[in-house]
Structure formats: C-alpha cells, structure tokens
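The values are calculated or read from the model by the stated rules, or taken from the named source; none is laboratory data. What you are looking at is a predicted structure, and each value in this text was computed from that prediction instead of being measured. Heads up, the Cβs are rebuilt from the backbone with ideal geometry, glycines too, and the neighbour counts pull from every protein chain shown. The area values use the complete protein model at the heavy-atom level, side chains included, leaving out ligands, DNA and RNA. Shrake-Rupley method; radii C 1.70, N 1.55, O 1.52, S 1.80 Å.
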Amino acid sequence: MPEAKTTGDAGAARFVTGSILRHVVVMSGTGSVGLMAIFAVDLLSLFYVSKLGDPALTAAVGFASIVQFFAIAINIGLMIAAGALVSRAIGRGDAAGARRIATSVNVHVFVVSGLLALGLVAVLDPLLRAIGAEGHTLEVAKRYLWISLPSNLLLGPGMLATGLLRAVGAARDAMSVTLGGAIVTVFLDPALIFGLGLGVDGAAIAVCVARLTFVIVGVRALQHHRLLERPRLAAVLGDLPEVTRIALPAVLTNLAPSVASAFIAHALSGFGPEAIAGNVVIDRLAPVAFCGLFAMSGSIGPILGQNWGAGRFDRMRGVLIQGALVTALYIVLVWLVLALARGPLARAFELTGVAADLFGFFCLVAGPVWFFNGLLFLSNAAFNNLGFPFVSTLLNWGRATLGTMPPALLGAAYYGPKGVIAGTGLGSVAFGLVALVLAFRTVGSLEGGNRPEPEAESEAREAARHETGAPAPAPSSGMPL
C-alpha cells in the first residue's frame, strides 16, 4: 500500500491534511501486514506443535500464551503512552519534544520489561495452576515460559518501536519491524521443532530469536527517523510522571482481555483437554483473522493525536466514523471466510469431537461478536490518545468481568463449551456500543473547552519546564460526561 511521504524528520505532521479514509486504510493496512505476520507465525507454530500428536502439548502452549499476554499488555500500555505523547508533540510541531519523549520511554520500557519477566518467572507455578494447567501440561507450559519469558526484555523495546514509528506516520517501517521477526520465525520454527527434534522447546527458542530481530530492525528505523537521542537522566525521570499517567490506565485496560482469556480457559478446563485444545486454536486464529481491528486501534491513535494537536476536531470525528465503516466492511469479509473454511481448518489442527464442535461454533458466531469488539478497540484508541485513558480502563474491565464472567458461567451451565463462547460474545455487544458513543462525546468535550495551546505558548511552556526540571502536566483522565 502507498504510504505518506517520509522525510526522516520526526517533526512532520502527516495526518492533519488529506483524505481521512486514506490515512485510516493505509495505516491500518500496513499495520495489518505486520501484525498478521506475527500472529500467522504464532498460529503456524501452534500448527507444528499440534502435529506432534499430543493434545496436552497444544494445551500447554495455550496456557503459556495466556501468561505471555500479561507481559504483552504492560508493553502495550507503555507503547500507547509513547505514541500518544509523541504524535501530540508532532501535531504541534515540537520535533525535539517528540525525540526526548521517545528516548525516555525506551529507557522506561527496558527497565519495566526486565522487572516484569523476573516477576512472572517467580510465580509461574501458581499462576499456571490458577488458570487450569495441571500434570504434564503444566510442566510443558512452565518449561516453555522459562525459555521465552526472559526475552520480554527484547519484546518491550521492539513493540515500542512500532508504536513510535506509527506516531510519525512511518507505517511501512513499523510494518517492517514485525515482518522481519516473522520471516525469521517462519524458517526457524520447523527447523527447531522437527529438524532438531526440540518440540515445544524449539518453538520457545524461535520466539526469542524473533524478538531479537524486532529490536534490531526497530532501533535502526527509529534512528533513521531521528526519534532517538542520547538518554539524559533528568529527561527520563522528568517524563516519567506524564508517561505513567497515560501508561498506567492503558496497562490496566490491556490487562483486562488477558484476565478474560484466563477466566475462559479456566471455565473450559472443566470440559477436558479437547475443549482446552479447541479454545487454544481459537485464541491463536482470532488474532490472525481479525488482525485488521488490532492494527486499526493502534494506527488511528497517531491520526487522532496529530489532529488534536492541530485543533482539527472535525477530522477527529471523521476518523471515528471512517474507522467504524472500515471495521464493518472488514468483518463481513472475514466472517464469510471463517464460516466457509471452518471444517478444513479444524481438520488441519487435528481437532476432533468437542474441540472441533467448539471451533466450528466460534467460526459461525465470530462476525457479530468481533464487530462490537472492533468498536471497543476503536474507542479505546480515542480515549487513550485524547487524554481519557481511564474510560478505556473502565470499559475493558467491565467487559472482562460483567461482560465475560457471569454470561460465561451461565452459558457453561446450560449449553456446555459453546455456551461459554456465546456468553462472552453477548457481553461484547453492549460494551462496544457504549464505547463508541462515549468516544464521540470525548471529542465533543475537547472541542467545547480543552483546545490545545497555541504553538508559541506550548514552546514557551516546554522551555520553562526544561529550565526548572519540572515534569509537564499530563492530559486529563476524567470521564467525558
């Protein structure tokens, strides 16, 4: 897909003019390619593991992935904070501020990623048992995580690079970061799993190598766009409060789906290994099928941020409208493919009995459910980038608790494994609609009384902050009511 012209300068605001639909489609499309590469390789890795002939191994990889999602959620929170602050700085023409924030958050994410990996390794056994892993499945999942979790130290900066590159409109470079790691994994996974006979351990090693590739490609791209400078302790500490005020609610927001996935896995564990194996394939297939929605939520944030920095509220509303339209068209196409391909896909992953029935049911109902999930993702991007991150937190935790747990338990009691999937889908409908309404009200709230400062005033305030060493105030995180 074409990409907006890049100058290699972090100060160019590319999204405040031109076709909104084109910006949404180009940013989401290039983001989709990179995300699909990651998720497809992840799915292919599960495919290889399923060919080892032991459902317990497939279930073990699934349980390990749930634990990994907790680490990824925290990385995403920092990525969102960096993208919001950098895109906003670019929108008001502050290239130096964008570069300083990007560098500071790189230091923040490196430290947090390392501490997080250590913390999760320390509680692996009780954590895996709590979500339903036991016996041989538990031991395999623990071994997989012992190998792969330390590489979170690489994943954090790699993910951050993609967010920063999208913030400056470098969609193709952001795509290349994830695509590079995916290409490496495509060849390495089968070589380690089958060629060297390492099995699940080989899949974990391939994950580590892919994450190293993310960092190498990402750092080079950030240097090309002049988004990195020598870290300064005063700047790293001075930016920390502002980053935290956005990152903390964003982390809490992204932890919610991980908690919901863990609860669903626990609910399905009572129906045996086959139900767990079916759910594992669903969890791996859904990101591949619906990666466009994930990409859109990560891509429209910079578009909103730059237009907010430029005071273009009409374009901000246009982003939400075009995003919802693209979501609907995308869902129709993906739903049709899933419904037609559900049988061959189930056979490809060696799913039989309960696992095959559960997977087939998901393919038939996924379309409507994921449309409303897409509206929630779209709205999350608006809240996180426009200074209302706690709205995302409340909505996502509402869906993960009230929208997931009671309906999943009721569905399981009356309709078995299919009832779990159906129950959680109903919760997505309500929260998706509420989220979109609040997103439009957020833009209206900003337009009514919280316009960005004029550029000269912003520059004067920034200069004064550096002279005094005081941190800049973060945007409001109150409810837009």
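Side notes on the structure shown:
- Restricted to segment 237-260, and to residues there that are open to solvent by 20 Å² or more (accessible area, probe 1.4 Å) and over 14 Å from the mean Cα position of the chain (by Cα), the residue that is nearest to residue 48 (Cα to Cα) is 259.
- Restricting segment 80-93 to residues that are part of a helix (DSSP H, G or I) and open to solvent by 20 Å² or more (accessible area, probe 1.4 Å), the residue that is farthest from residue 160 (Cα to Cα): 88
- Residue 207 passes every criterion in (1) open to solvent by 20 Å² or more (accessible area, probe 1.4 Å); (2) at pLDDT below 80 apart from (2).
- Residue match in segment 220-234 (condition: open to solvent by less than 60 Å² (accessible area, probe 1.4 Å) and under 30 Å from residue 143 (Cβ atoms)): no
- For segment 135-155, the criterion of being part of a helix (DSSP H, G or I) and more than 21 Å from residue 203 (Cα to Cα) is met by none of the residues.
- Extreme residue, most open to solvent (accessible area, probe 1.4 Å), among residues of segment 94-146 that are of a type in the set (S, T, N, Q) and closer than 30 Å to residue 62 by Cβ: 137
- Failed item, numbered, when residue 154 is tested on (1) under 11 Å from residue 209 (Cα atoms); (2) at pLDDT below 85: (2)
- Test: residue 338 is outside any helix (DSSP H, G or I), over 24 Å from residue 174 (Cα atoms) and open to solvent by less than 30 Å² (accessible area, probe 1.4 Å): no
- Qualifying residue in segment 67-80 (condition: farther than 24 Å from residue 145 by Cα and modelled with pLDDT of 75 or more): yes
- One residue stands out among those in segment 390-432 that are among the aromatic types (Phe, Trp, Tyr) and crowded, with 17+ Cβ neighbours inside 10 Å: the one that is nearest to residue 379 (Cα to Cα), which is 431.
- Within segment 170-190, at least one residue is in a loop (DSSP other than H, G, I, E, B), modelled with pLDDT under 80 and either among the basic types (Lys, Arg) or touching a Ser or Thr at 6+ places or on another chain (Cβ under 8 Å) (or both).
- Exactly one residue out of 218, 238 is modelled with pLDDT of 85 or more and either in the same structural domain as residue 349 (by the TED database) or assigned to a helix (DSSP H, G or I) (or both): that is 218.
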